[in-house]
Amino acid sequence: MGVETAQAGQTDRDALWRQFAAATSPEAFCSAWLALHCRSVSGIGGGVVVLGSPEDNRPFAPVAFWPDKRQNLRHLATAAERALNERKGIVLKREIPDNGSTRSRYDIAYPFQSGGRVFGVVALDLEARPAEALDEELSRLRWSSAWMDVLFNRSASTRSAAPQERLQATVGLLATMAAEERFHGAALSLATALATRFSCDRVSIGFLRRGRVRVEALSHSAEFGKETNLIRAIGVAMDEAVDQQASIVYPELPDSKPVVLRGQAELSRQFGNGSICSIPLKGHQDIVGAITFERGVNEPFPAEMIELFESVAALAGPLLDIHRREDQWLWRKVLDSTRTTLGYVIGPKHVALKLGVVAALVVAVFLFFAQGDYRVTSKTVIEPATRQTIVPAFDGYLREAPVRAGYLVSKGQLLAKLDDRDLRLERAKSEGQLQQVQKQYYEALGSRNAAQVQIYTSQLAQARAQLALLTDQLARTEIVAPIDGVIVAGDLSHALGAPVERGQTLFEIAPLDAYRIILQVDERDVGSIAVAQQGQLVLSGFVDKPLNFTVARMTPVSTAIEGRNFFRVEARLDNAPENLRPGMEGVSKVFVDRRRLVWIWSHEIIDWARLKIWNWLP
């Protein structure tokens, strides 16, 4: 009897292993694995496997029970939840009543992990046993859960294999089209490749033209009559898919959305192909055409193949549309571009574009009729109205120079002082000579020597003139400011003791109450400038205080700056502020008259174009 029981148990285990090896779904895999594990451990009252993936938005749900679903295993939820949250094995003790007393059982749970992601958990109901036995059971679960890692990797590879295969097939089909330079060749290559790849009797590619789809390519047919009954029937089937903006399969697939199939049915009835699929082709923005696949009655299109058709159409549509547009005549491109633009503006869509066009038209009309002040802009510099040049009256050596450029000075203020020691010695010498001549003059006068008196009288006049000259030069050793103003040039602070020559410029002084502004007017705008025109000046140092001025003089002097000619125009300020200084720069605008805004903003470009055209004309 014991031998028969052992043989029956071995037979059951062999069946479970065969079921485990042949499992094709997660439920079957987990059921066989859980049964094998629970049969190998004694004292297990029940078990459950829960699978899920929060990363893939798949909630955790039980997929396998042992011994069956009818057993109440809700008490295992606490251990399973803790194992999922803590990502480690959990053992919870539970007391249950037993004939007026209690006995202990244990809930044990272990999470399934792969690549750092938790994708499930197993929870078991165990009878009471020592702590060492519980640790041994956790270790057994840890080793046994490696089979679950196989399940996870198998599921992941299965999920990724289908998109990869679809992508490879799509890329391979598009590669046949990319080698063609002309639109007709590309469409024919794609249609033929699709017919060969999916064993279709015929594949047709059509594009919208004047609201209807016209067939542009047939598989294995370089030329075909575009007005035959077949081509018209295919065009109607394509129109059906384009109008409904959906993939249409005839006969209909189970659980598919209801669509109109009249065109597909008519094509099937007239030309015998029982399975037809029409897929819309979408360009960069809208649907531009369709692809129609035809097969025999006993060769329906499965859902996976239709998904592949849609993938090919999604990638081939924009490429074929570009080929078609580039392969047209120039006048056709212009016509299509105009029609497309008008469709954007007049059609029912593209509200934002319509609002933009209306706004642009309003702005254009406003600019054409609105007028504004036409002002000539130019770079401007402040210059003093006059300049006083300070020069020495005689040759000498510089002794003092207490001021330099930028200093404000008042009339009579010391600017520089020359060394007067030599002059003082000369004057003392001249005074001695004068006294000697006076003495000789008086002696000749006392001796009544008329001739000597005349001689000494001349010498006396000469000595007095020389003494007066030296006295005057001594007075001019102190160079003072002739007017109130600012020193705009001159810095002798590093030349003390250096010789200076008569007539050499030492300083330049400009008054603070008289300025003129110099406008550098471009030669293209100088014809608009006239005397007595008004304008405003904004200086770099006083951008918040515009200054009013009046054009005073037009000079014929031009200066070349950065390859362009600028004329010097002088103007006077109406009100000069106290903090104005020579050399300040800014930007001035001279008011000319009122003109249309569109002319003000475009006349420079128009004038440049006129000059270039005149230069190019023979």
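Observations on the structure shown:
- From the list ASP135, ASP125, the one residue that fits, being over 43 Å from the mean Cα position of the chain (by Cα), at pLDDT 75 or above and open to solvent by less than 30 Å² (accessible area, probe 1.4 Å), is ASP125.
- Taken over the stretch 464-497, the residue count meeting the criterion of being β-branched (Val, Ile, Thr), open to solvent by 30 Å² or more (accessible area, probe 1.4 Å) and part of a strand (DSSP E or B) is 2.
Residues checked against (1) closer than 29 Å to ASN575 by Cα; (2) without any contact (Cβ under 8 Å) to a residue 60 or more places away in the chain:
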{"position": "ALA498", "(1), (2)": "no, no"}
{"position": "GLY503", "(1), (2)": "no, no"}
{"position": "GLN520", "(1), (2)": "yes, no"}
{"position": "GLY527", "(1), (2)": "yes, yes"}
{"position": "ALA530", "(1), (2)": "yes, yes"}
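- Scanning the stretch 594-618 for residues that are surrounded by 14 or more Cβ atoms within 10 Å (Cβ to Cβ) and either modelled with pLDDT of 90 or more or not aromatic (Phe, Trp, Tyr) (or both) returns ARG596, LEU597, VAL598, ILE600, HIS603.
- Answer residue from the stretch 396-445, given it is assigned to a helix (DSSP H, G or I) and of a type in the set (S, T, N, Q) and is nearest to GLY583 (Cα to Cα) among those: SER430
- Selection from the stretch 280-328 of residues that are of a type in the set (Gly, Ala, Ser) and either part of a helix (DSSP H, G or I) or touching a His at 6+ places or on another chain (Cβ under 7 Å) (or both): ALA303, SER311, ALA313, ALA314, ALA316, GLY317
- Of the numbered criteria (1) more than 14 Å from VAL50 (Cα to Cα); (2) open to solvent by 80 Å² or more (accessible area, probe 1.4 Å); (3) of a type outside the set (D, E, K, R); (4) part of a helix (DSSP H, G or I), the one ASN85 fails is (1).
- Filter result for GLU165 (over 16 Å from GLY52 (Cα atoms) and at pLDDT 80 or above): no
- ARG325 vs. criteria in contact with an Asp or Glu (Cβ under 9 Å, 6 or more places away or on another chain) and open to solvent by 50 Å² or more (accessible area, probe 1.4 Å): yes
- Verdict on GLY89 being closer than 23 Å to ALA15 by Cβ and in contact (Cβ under 8 Å) with a residue 40 or more places away in the chain: no
- Taking the stretch 221-241 as the range and being farther than 22 Å from ALA303 by Cβ, in contact with a strand residue (DSSP E or B) (Cβ under 8 Å, 6 or more places away or on another chain) and touching a residue at least 12 places away in the same chain (Cβ under 8 Å) as the test, the residues that pass are LYS226, ILE231, ILE234, GLY235, ASP239.
- For ALA313, the conditions (1) within 30 Å of ALA195 (Cβ to Cβ); (2) modelled with pLDDT of 85 or more; (3) loosely packed, with under 14 Cβ neighbours inside 10 Å; (4) small (Gly, Ala, Ser) are fulfilled apart from (3).
- Counted residues, the stretch 446-456 - those being part of a helix (DSSP H, G or I), of a type outside the set (A, V, I, L, M) and surrounded by fewer than 14 Cβ atoms within 10 Å (Cβ to Cβ): 2
- Subset of the stretch 574-607 [β-branched (Val, Ile, Thr) and without any contact (Cβ under 8 Å) to a residue 12 or more places away in the chain]: ILE605, ILE606
- Qualifying residue in the stretch 359-375 (condition: among the hydroxyl-bearing types (Ser, Thr, Tyr), outside any helix (DSSP H, G or I), open to solvent by less than 40 Å² (accessible area, probe 1.4 Å) and in contact (Cβ under 8 Å) with a residue 24 or more places away in the chain): yes
- Of residues in the stretch 575-593 being at pLDDT 85 or above and open to solvent by 60 Å² or more (accessible area, probe 1.4 Å), the one farthest from ILE382 (Cα to Cα): PHE591
The values are calculated or read from the model by the stated rules, or taken from the named source; none is laboratory data. Since this is a predicted model, take the numbers as computed values, not measurements. So basically every Cβ, Gly included, is an ideal-geometry build from the backbone, and we count neighbours across all protein chains shown. Note: areas computed on protein heavy atoms with side chains; ligands, DNA, RNA excluded. Shrake-Rupley method; radii C 1.70, N 1.55, O 1.52, S 1.80 Å.
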